[in-house]
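J.: This structure is in structure tokens; I'll ask about it shortly.
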Amino acid sequence: MMEKEMRRYVALELQHHVSHSDFVGINASDINYSAGRYDPSVKPPFDAGFEGIGEVIGLGLSASSRYTVGDTVAYFGSGAFAEYTVVPAKESVPVPSAKPEFLTLLVSGATAYIALKRLGDLAKSETVLVTAAAGGTGQFAVQFAKRAGCHVIGTCSSDEKAVFLKSIGCDRPINYAKEDLAKTLRKEYPQGVDVVYESVGGSVLELAVNSLATKGRLIVIGFISGYQTASGIPPFKGGTLPVKLLQKSASVRGFFLPHFLGDYREALTSMMQMFAKGELVCEVDCGDMAQEGKFVGLESVFRAVDYMYAGKNLGKVVVEVAPPNVGDSKL
């Protein structure tokens with residue numbers, strides 16, 4: 001198949017653009033969105049998916065001042081799981097090419113960059129614990145904490161992931177399938193950890209609270225352990241939380257990316273510069289090792305989500321959305 005036929009495309013209309021991307025990103029929050037937890041007023045059928053990257057195929061009046069047909073753009077907004085999607089031009093970011101690595105920055109990279117910058121208050125030589133460190137956003141939290149001069153601990157579920165974490169600068173990968181996380185932290189970090197970048201929730205969150213150092217900061221960026229339950233929230237024994245925080249002058253801080261959009265463009269620009277200079281690893285998992293093969297086409301989105309929830313991914317899970325036949329095009 002010719003390269004052009006393999007592309008997905010993006011069209012820009014008035015202030016909006018219709019995008020047809022080469023790749024779309026999978027996020028743990030996809031099932032929260034599709035379950036109606038983010039906006040209970042939305043009734044099915046509705047579009048899902050948060051991010052995509054592809055080529056401009058059409059331009060409206062306002063968009064034509066910024067883009068040209070054939071440009072490659074990345075976009076962060078709902079409705080990415082589609083062969084063509086309409087996105088405001090202002091929510092699009094020009095990228096050098098339709099590499100899936102750029103897609104990793106839109107949600108996963110931006111979450112780590114902004115959360116650590118705004119809520120982490122990182123100082124050189126501090127200790128940072130990243131849970132699910134080999135996942136889509138964890139890989140970036142490890143690298144940004146390391147760039148800040150911190151000692152980085154990362155939890156993961158396999159030796160392969162531990163090797164990957166070492167390769168991106170993690171000082172102490174902990175494979176919790178082989179090591180007891182609580183015992184390891186007590187033994188090797190008796191003074192506690194200064195910052196926790198936490199996305200698992202439940203018992204891991206409780207352990208993270210107990211592991212905080214004096215003046216420690218715990219950043220909650222998600223709680224994937226509960227997303228598949230009826231409520232979407234994992235159980236958390238928080239009865240003694242005020243006492244624990246007071247005794248350590250510690251804090252728990254929540255982070256939700258849409259609340260920090262004022263920081264978004266600077267974060268994306270900075271990360272793209274790092275990637276271009278070879279200073280940032282953007283690990284992508286397209287399902288090459290998945291049982292049923294690589295994630296290609298919208299029909300594989302559900303497989304990609306299941307793959308991520310099974311903890312099989314190394315890096316950001318990405319789906320290649322093959323374009324429809326030209327004769328089937330609705331545009």
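J.: Any residue that is surrounded by 16 or more Cβ atoms within 10 Å (Cβ to Cβ), outside the structural domain of residue 57 (by TED's automatic domain parsing) and under 19 Å from the mean Cα position of the chain (by Cα) - is there at least one of those in region 170-182?
T.: Looking for residues that are surrounded by 16 or more Cβ atoms within 10 Å (Cβ to Cβ), outside the structural domain of residue 57 (by TED's automatic domain parsing) and under 19 Å from the mean Cα position of the chain (by Cα), one finds at least one in region 170-182, hence yes.
J.: Another question, if that's okay. With the structure loaded, tell me whether residue 241 is without any contact (Cβ under 8 Å) to a residue 24 or more places away in the chain and assigned by TED's automatic domain parsing to the domain that holds residue 176 or whether it fails that test.
T.: no
J.: Quick check on region 67-76: of everything there that is of a type outside the set (Asp, Glu) and on the phi < 0 side of the Ramachandran plot, which residue is surrounded by the most Cβ atoms within 10 Å (Cβ to Cβ)?
T.: Checking each candidate, the answer is 74.
J.: Take the residues in region 183-220 that are free of Cβ contacts under 8 Å to residues at least 40 places away in the same chain and within 14 Å of residue 120 (Cα to Cα), then tell me which one is surrounded by the fewest Cβ atoms within 10 Å (Cβ to Cβ).
T.: That would be 215.
J.: Residue 209 is checked against (1) out of contact with any strand residue (DSSP E or B) (no Cβ under 9 Å at 6 or more places or on another chain); (2) assigned to a helix (DSSP H, G or I); (3) β-branched (Val, Ile, Thr) and fails just one. What number does that condition carry?
T.: The one condition residue 209 does not meet is (1).
J.: All but one of (1) touching a helix residue (DSSP H, G or I) at 6+ places or on another chain (Cβ under 8 Å); (2) of a type in the set (Gly, Ala, Ser); (3) within 21 Å of residue 151 (Cα to Cα) hold for residue 232; which doesn't?
T.: (3)
Residues checked against (1) hydroxyl-bearing (Ser, Thr, Tyr); (2) in a loop (DSSP other than H, G, I, E, B); (3) surrounded by 18 or more Cβ atoms within 10 Å (Cβ to Cβ):
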{"position": "222", "(1), (2), (3)": "no, yes, yes"}
{"position": "231", "(1), (2), (3)": "yes, yes, no"}
{"position": "242", "(1), (2), (3)": "no, no, no"}
{"position": "245", "(1), (2), (3)": "no, no, no"}
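J.: What pairs come out if I take residues in region 158-171 that are at pLDDT 95 or above and pair them with residues that are of a type in the set (Lys, Arg) and crowded, with 16+ Cβ neighbours inside 10 Å whose C-beta lies under 6 Å away, six or more apart or interchain?
T.: Close Cβ pairs satisfying both conditions: 169/146.
J.: Kindly provide the set of residues from region 74-105 that are over 16 Å from residue 55 (Cβ atoms) and under 15 Å from the mean Cα position of the chain (by Cα), ordered by number.
T.: 76, 77, 78, 101, 104, 105
J.: Name, by its number, the condition in (1) over 19 Å from residue 75 (Cβ atoms); (2) at pLDDT below 95; (3) of a type in the set (A, V, I, L, M); (4) outside any loop (DSSP other than H, G, I, E, B) that does not hold for residue 261.
T.: Of (1) over 19 Å from residue 75 (Cβ atoms); (2) at pLDDT below 95; (3) of a type in the set (A, V, I, L, M); (4) outside any loop (DSSP other than H, G, I, E, B), only one is false for residue 261: (1).
The values are calculated or read from the model by the stated rules, or taken from the named source; none is laboratory data. Quick caveat: nothing in here was measured; it's all calculated off a predicted structure. Backbone-built Cβ (ideal geometry, glycine too); neighbour counts: all protein chains shown.
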